[in-house]
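Please read the structure below before turning to the comments.
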Amino acid sequence: MNAIVAIAVLVILAVILGWHWLFVGAIAVTATVWAIVIASIAMFCVGILLLFILTGLGIFMIGLIGFIWTILAIILFPIVFPILVPLLIILFFILFIRNKQKNKDVGK
């Protein structure tokens, strides 16, 4: 059974690589999409970490930059939509929680 699965995976990989070698432009599009995905994930991770460090206007700037980046990435490459939207939702939840904690600390 494992051998059948391994053969099927190798055939699928060969077909995908053959498609990319046949159409050279597909390599460029795939590389660009992967670059956007990796850059988006890195940007969101850094943004989420900075939300715990920055206060005030910095929080809103990070949220705004993340929102604009997500919208542009989805418009340019709709295939990254299922990857970026959950990250954007996480960013906004942390932004909301951070603002709520900040407002609670200011009220004391």
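Test of understanding: among F23, F67, which residue is surrounded by 11 or more Cβ atoms within 10 Å (Cβ to Cβ), at pLDDT below 75, out of contact with any Pro (no Cβ under 6 Å at 6 or more places or on another chain) and hydrophobic (A, V, I, L, M, F, W, C)?
Being surrounded by 11 or more Cβ atoms within 10 Å (Cβ to Cβ), at pLDDT below 75, out of contact with any Pro (no Cβ under 6 Å at 6 or more places or on another chain) and hydrophobic (A, V, I, L, M, F, W, C) holds for just one of F23, F67, which is F23.
The number of residues in the stretch 31-49 that are surrounded by 14 or more Cβ atoms within 10 Å (Cβ to Cβ) and not polar (S, T, N, Q) comes to 8.
The values are calculated or read from the model by the stated rules, or taken from the named source; none is laboratory data. Keep in mind that what you see is a predicted model, and the values were worked out from it rather than measured. Ideal geometry is used to build each Cβ from the backbone, glycine not excepted, and the neighbour counts take in all protein chains shown.
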